[in-house]
1. Filter the range 320-332 down to residues that are under 26 Å from the mean Cα position of the chain (by Cα) and either modelled with pLDDT of 90 or more or surrounded by 15 or more Cβ atoms within 10 Å (Cβ to Cβ) (or both), then give me how many there are.
2. Among the residues of the range 113-131, which ones are more than 26 Å from M71 (Cα to Cα) and open to solvent by 30 Å² or more (accessible area, probe 1.4 Å)?
3. Return only the number of the condition from (1) modelled with pLDDT under 95; (2) part of a strand (DSSP E or B) that A82 does not satisfy.
4. Would you check which residues across the range 299-319 are in contact with a helix residue (DSSP H, G or I) (Cβ under 8 Å, 6 or more places away or on another chain), modelled with pLDDT under 85 and not aliphatic (A, V, I, L, M) and list them?
5. Among residues belonging to the range 230-256 that are among the β-branched types (V, I, T) and closer than 29 Å to L150 by Cβ, point out the one that is surrounded by the most Cβ atoms within 10 Å (Cβ to Cβ).
6. Considering only residues that are acidic (D, E) and part of a loop (DSSP other than H, G, I, E, B), look in the range 124-143 and name the one that is nearest to G26 (Cα to Cα).
7. Take the range 335-345 and flag every residue that is part of a loop (DSSP other than H, G, I, E, B), of a type in the set (A, V, I, L, M), at pLDDT 85 or above and in contact with a helix residue (DSSP H, G or I) (Cβ under 8 Å, 6 or more places away or on another chain).
8. Does T69 satisfy being in contact with a Gly (Cβ under 6 Å, 6 or more places away or on another chain), in contact (Cβ under 8 Å) with a residue 24 or more places away in the chain and either under 17 Å from V204 (Cα atoms) or of a type in the set (S, T, N, Q) (or both)?
Amino acid sequence: RSEPVRSWTPLGTVDSGVVADVDGAGAVQPRGAGWHLDWWVGAEDRWHHPSREAAVRQRWVDDTPVVETAMRVPGGDVVHRAYGVRASSDGDGGAWDGAAVVVEVRNDTAVPVALAFAVRPTGLDGPGQPGAIEVDGAVVRVDGEVVAVLSKPPARLAHGSPGAVAGALASGDDLEAAALSVPADPGGEVALVVPLPHSATVRVLLPQPVERPGRRPWRRATRPAAPGSSWQAPDHQAVVRGWQAHTRDAARVELPEPVLGSVLAASQRALAVAAHDDLLGDRWAAAHGSTGADAAERAAWVSEVLARSGLVEPLGPIALALAGSQGLRGPVTVADRSDATVALL
């Protein structure tokens, strides 16, 4: 990319809210992270990068927040899907169970390809915050925290300064996979390469970062559990069925032009994920430009839309957040200091 792509789709669950964002080329950035996970495909002609290719299409599977990005390479499509889940693992520090985003890539071509998952020290919308990257088999850590777990260990890898790793893969300068540590200063990037035979699928788990409690000097700090190399999560078809069940009673329209019904269904599900921690915040304004509305007015819009659609469950976190922002004198003051009392009512 020569310019930031300021467009993304929030991924998560109704319970967790937004866990990560995915852009129009399938790059995924966990919320709050200073890096993103990109994907590149080594076909029989060359390496293909979705952020630069013309033959890339993206859709929401059955109007749900399961985002599918397909890239055409010689022999057919390689299909990338990203979606929010509740996952579990017997991992570091004991059993782990939490919200996550799963990225899965399937080879729908007639021939095998190489697939690279690249941990890149930039955000979807601008510069990132490079961290120390460690690779231990299928587990990737940034600054000591488990940030990604592949469903199979990589066969090869490449690392270097940002922008140089793609060239190393193209020239065949990658290495046999082994334990790797890349320091945060200067920041670098790492590409993990796995073979992807015809009709095979590789998945990556991106766990939601754990919020650490405040430090108490009289207590010994304990490291929270993190996913290990073996984990379990629903596949994308199960997630689609789950979203359909969540919104079965939502308002819908039946019109001669079916795209309008699809827009309504997709919008309702996006709001169910993102309303309480994305669309009400500053990132919404940055993505969509100034609307002349402050955060309080946007909160009122979103609350009314959810209520009119019959989506009661997502209103709970919004109501709790607004009630928590109410001062002793009554006004509900949100991030930009606007009064969201109307939204709470």
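1. Number of matching residues: 2.
2. Q129, P130
3. With respect to (1) modelled with pLDDT under 95; (2) part of a strand (DSSP E or B), A82 is out only on (1).
4. Once the filter is applied, which keeps residues that are in contact with a helix residue (DSSP H, G or I) (Cβ under 8 Å, 6 or more places away or on another chain), modelled with pLDDT under 85 and not aliphatic (A, V, I, L, M), the range 299-319 yields E313, P314, P317.
5. Selected residue: V239.
6. So the residue we want is D125.
7. If the condition is that a residue be part of a loop (DSSP other than H, G, I, E, B), of a type in the set (A, V, I, L, M), at pLDDT 85 or above and in contact with a helix residue (DSSP H, G or I) (Cβ under 8 Å, 6 or more places away or on another chain), then A340 is the only one that fits.
8. yes
The values are calculated or read from the model by the stated rules, or taken from the named source; none is laboratory data. Just so we're clear, the structure is a prediction, and the values are computed from it rather than from any experiment. Ideal geometry is used to build each Cβ from the backbone, glycine not excepted, and the neighbour counts take in all protein chains shown. Surface areas here come from the heavy atoms of the whole protein model, side chains and all, with no ligands, DNA or RNA. Shrake-Rupley method; radii C 1.70, N 1.55, O 1.52, S 1.80 Å.
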